[in-house]
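We did not get these values from a lab; they are worked out from the coordinates using the rules stated. Just so it is clear, the model here is predicted, and its values are computed rather than measured. Cβ atoms come from the backbone with ideal geometry, glycine included; neighbour counts cover every protein chain shown.
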Amino acid sequence: MAPRLAGTKLRKLGRMLENDGVEARYRALLSAWRDPATLVEGGWEHQERSDASFEQGEDRPELMEWMMLADQGSYLPDDLLAKLDRASMAVSLEARVPLLDHRLVEFSWRLPRRFKVRDGRGKWILRQALYRRVPRELVDREKVGFTVPTAAWLRGPLRDWASDLLSPSRLARLRSYGRSPSSMRGRDSARATAEDAVGLWAALLLTAWQERWKVSA
């Protein structure tokens, strides 16, 4: 594993362990901002179940099923699919996601766990189907993601724009930061890392949106 990736994973693990309970740790793994209430006054993250109900309820799902359900209800439609739609529409491309056909999704939820994860590997049944038509080395190759170079933008061409938006005088005028503008003060886009940039970008867009539409205290 590359040192940079190892460091990123260790920092994510540390952020997860700062929280108590399975749900809170999983949300910490996915959240761009650790505490929404410090960014948006009265902010909160939607929770289908509380940690207590997850850990003690008689009808609680297994951890893997709960994580899949959380991803299906939030991360998938609010993040991955939204980005796919924007990127494809930007170049007039019609993208389709065949694995999200409702009949296939319903079928997948009925499958026993052994068809989803086996011998430490996920997507077991899908791999078996692909082996029949796709070279095995393509199916089993390491997953490689890609991200928008937000940190590089904030350190480079967008540095002045970001610094100006995060100035104390401008933050103090905005309703979202009414009680705790200090949560954003001191944020330096010039030193933003790839991890910092995710939350910082969300805050910058919120600030720009409020100013554009005159949303103020």
For this session: Calculate, for residue 90 and residue 31, the FRET efficiency according to 1/(1 + (r/R0)^6) with r their C-beta to C-beta distance and R0 35 Å; round to the nearest 0.05.
Result: 0.85
Exercise. Distance in nm between label sites at residue 82 and residue 115, each 7 Å beyond Cα in the beta-carbon direction?
Worked result: 3.2 nm
Problem set entry | Gained length - residue 100 relative to residue 130, 0.36 nm times residue gap less alpha-carbon distance | 9.1 nm
Exercise. Rg and Dmax of segment 76-144 over Cα atoms: what are they, in angstrom?
Worked result: 14.8, 41
